[in-house]
Each structure stands twice: as C-alpha cells, then as structure tokens.
1. Criterion first (in a helix (DSSP H, G or I), under 29 Å from residue A:22 (Cα atoms) and either away from every other protein chain (no Cβ under 14 Å) or modelled with pLDDT under 95 (or both)) does residue B:30 satisfy it?
2. Using the structure shown, decide if residue A:87 is under 24 Å from residue A:165 (Cβ atoms) and among the β-branched types (Val, Ile, Thr).
3. Can you find a residue in the range A:149-161 that is touching a residue at least 24 places away in the same chain (Cβ under 8 Å) and either assigned to a helix (DSSP H, G or I) or among the charged types (D, E, K, R) (or both)?
4. With the requirement that a residue be facing chain B (nearest Cβ under 9 Å) and either in contact with a Lys or Arg (Cβ under 6 Å, 6 or more places away or on another chain) or open to solvent by 40 Å² or more (accessible area, probe 1.4 Å) (or both), what does the range A:97-109 give you?
5. If you check A:12, A:33, which single one turns out to be closer than 28 Å to residue B:55 by Cα and more than 8 Å from chain B (Cβ to nearest Cβ)?
6. Report the residue count in the range A:36-68 for those that are hydroxyl-bearing (Ser, Thr, Tyr) and at the interface with chain B (Cβ under 9 Å from one of its Cβ atoms).
7. Return a yes/no flag: does the range A:31-49 have any residue that is in contact with a Gly (Cβ under 6 Å, 6 or more places away or on another chain), of a type in the set (A, V, I, L, M) and either modelled with pLDDT under 90 or at negative phi (or both).
8. Going through A:112, A:118 one at a time, which residue ends up being more than 10 Å from chain B (Cβ to nearest Cβ), among the β-branched types (Val, Ile, Thr) and under 12 Å from the mean Cα position of the chain (by Cα)?
Amino acid sequence: MDQFSIKSLFGADTINWYTPTNATLWMGLAILAIIGLLVMGTRKRAIVPSRTQSVAELAYGFVYSMVEDVAGKEGLKYFPYVMTLFIFIVFSNFLGMLPMSFTPTSHIAVTVVLALLVFVSVTLLGFYKHGLKFLGLFWVSSAPLPLRPILAIVEVISYFVRPVSHSIRLAGNVMAGHAVIKVFAAFAGNLLIAPLAMVGIVAMFGMEVLVSFIQAYVFTILTCVYLKDALHPSH
Amino acid sequence: MASETHEAAGHAAEASGMPQLDFATFPNQIFWLLITLVVIYLILSRVVLPRVGSVLSERQGTITNDLAAAEELKQKAVEAEGAYNKALNDARAESQKIAAETKAEIQTKLDIAISKADAEIAAKSAEAEAAIATIRKGAVASVKKVAGDTAKEIIATMGVKADAKTVTAAITARMKG
C-alpha cells in the first residue's frame, strides 16, 4: 500500500494543505502531458492532421459527441467543464499506470471532490434553470398517484447516493487494480510461482489500462446524465 | 527478517491502514486537485477547445467546398460530354449527307454515261447488222454465180451444152430449200 501514501516532496515532516507532495507532482505531470497532447499537438492547426493532432481531435470529438448525445444541445454550454473532468481523469489514470508512479484518482479525497463538484453544480444548475420545478425530478408523474410518494422517497435517496457511487466507483476501480498488481508482485518473490505471478501482472496491467479509460468514460458519461437531469428534470 | 516485519508493521501502523483514509492528507490533496482542475480548465477553455473547434469546422468547410467544386466540375463534364456528343452527331449527319449527295451525283453521271454508251452500242450494232446484211446479200449472189458457173462447167465437161436459164432456175430453187 506504499504506492498510495502521500509523501512530502522536499522532506517536510508534516503535510500541510500547501505542502508540495507526490500528488502535486503527478497532477503537475498530468497537466504537462495534457499540454503536450492538446496544446503542442494541435499547434499547427493542420487541415490534414498529424498523428498527435488527430488524437487530440479524437478526444475532443469523443467528449463533445458524448455531451451532445446525452445532455442535448443545451448541454454543450458545459462541454469545457465535462472535458476538464474527462481529460484530468484519463491522464491521471494512464500516468498512474507507469511503474513507481502515484495515481491521484486512486484517492477518495480526489474523486469525492470531483463527484461533489458535479453533484453540487448540477443541483444548483437545476434549481437555477427550473426553480422549484426542478423537484419534479423526484415526482414521477407517469406513475399511479398512490405510488408517487414512495417513488419520490426512492428518487431522493438515489439522487443523494449519486456522488457516493460516482466517486467510490472511480477510486475503487483504480485502487483495486493497482492493489491486485501489488499482490501478484508480492508472489513473484517465490521462485516456483514467479512465472504465474508475472503472467498475472501482465494480464492485470492490460486490464488496468482498459479500466483506466473505461472508468474515465463512465465518470464522464454519468456527469452528462446528471447534467441532462438538471436541464430536463421532467420524466 | 524479524526487524523487517517489525518495520513493516510499524509503517502500517503509522499509515493507519489505507493511505486513502488518512484524513490528514485530505486538505493537501483537495487543494492541489482544485489548482490542477483550474489550470486544466483554463488551458482547455482558453487554448485547446477554441483551436480544435476551429480546426474541425474549417476542415468541415473545406470538405463542403471541395464537394461543391467537385459537383460543379461534374456538371461541367456532363455538359462537355453533351456538346461532344452533339458535335459528333452533327458531323456524322453531315458526312452522311455529303456521302448521299456524292452518291446521287455519281449515279446521275453514271446513268448518263450508261445511256450514252447504250445509244452508241445500239448505233454500232445497227451499223454492224447492216454491214452483215450487205455482206450476206453479196455472199448469196456470189454463191449463185459460183454455183451457176460451176454447174455450167460440170455440165460442159460432160459434153452437153448447158441451158443457162434452167441452171439458174435450179440453183434458185435449191437456194430456197
């Protein structure tokens, strides 16, 4: 579990809120990688794109069409925020796949903040756009009248569980993958089962690469779904 | 070995299990996360998204323009093909007309020549027939004379004086037969 611990970069004993830590380092590296891909890669603004530029365009188009498909045309106003979340999670996850690295998204503190940002802003947006009519989200008007209060309770609970599942899913997946690789690595010390452990590490690494992307995708698409609920609260 | 496990145990106790649940590091992580998010947001919204968006729309525009140009050129090609076909048909009709005219002209000339030749041939053959008729008449007269002379000579040789009239009558009768 050493890979998950937060350490001060310059040997300070206590970790204050402003202390530069390995979390700072790897978030900074994520920013540099983002600049490398999205800013440097698109510098030429070529009509016929280079490889890097087409990857950047692919990322743009991926999130753009996701927001448009799920949240509708009105959702495109919030595309930069969604793109920020997606690109941060993707780069944190992939940089975390490097050996000896640190993965910010494996920490509940990070994912909870991300999920709460989405939850709070989406809720505020819903009330801002629709006022009290936003509460219609919890009032299933297509259900029979006697059922509606019960459904309303269920809806309210599920609404408030959203940030929990939203954050735990991401951190849990990333952390579990890294921990399983660590477990396999611990077995590699035994000569008899070392080959098996190595095969296990390779297989888990491959799956983790997949999970890194899929969890970023899931987080983003759920954000879009919540955004859609805020923009169109009626069922 | 013993000290190693001891150390590991001490480390684990210090980190109090999962580092994720070490609340002392939360303010630090949250602070740096917020800074990171703001920086990424600024990079994206100020630089990347407008740039990529403009590149994509520019490409879309270029593709649309190129398609329109291609459509136009295709239209022109179709027109050119039509003109070419028309010219080809005109030329063909013209050549057919010329051929027909020439043929008719040659035909008339030919007819005239043929009829002229026919007339000539008819004149020649009539002339020739007349000549043949004269020759035949002459020949018949000669034959009568020769036959008469021969007959007289034969009869004279036999010692009889030939009656010229009888001989001539006999020859004429024979010639008729």
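1. Yes, satisfied.
2. yes
3. No: zero hits.
4. The answer is A:108, and nothing else.
5. Sole residue among the options that is closer than 28 Å to residue B:55 by Cα and more than 8 Å from chain B (Cβ to nearest Cβ): A:33.
6. Pass one, the range A:36-68, residues hydroxyl-bearing (Ser, Thr, Tyr): A:42, A:50, A:52, A:54, A:60, A:64-65.
Checking which are at the interface with chain B (Cβ under 9 Å from one of its Cβ atoms) leaves us with A:42, A:60, A:64.
The total comes to 3.
7. So in the range A:31-49, the residues in contact with a Gly (Cβ under 6 Å, 6 or more places away or on another chain) come out as none.
No: zero hits.
8. From the options A:112, A:118, the qualifying one is A:118.
The values are calculated or read from the model by the stated rules, or taken from the named source; none is laboratory data. Just so we're clear, the structure is a prediction, and the values are computed from it rather than from any experiment. Methodologically, a virtual Cβ is constructed for each residue, glycine included, from the backbone with ideal geometry; neighbour enumeration extends over all protein chains shown. Each accessible area value is taken on the protein alone, full model and side chains, heavy atoms only, with ligands, DNA and RNA left out. Shrake-Rupley method; radii C 1.70, N 1.55, O 1.52, S 1.80 Å.
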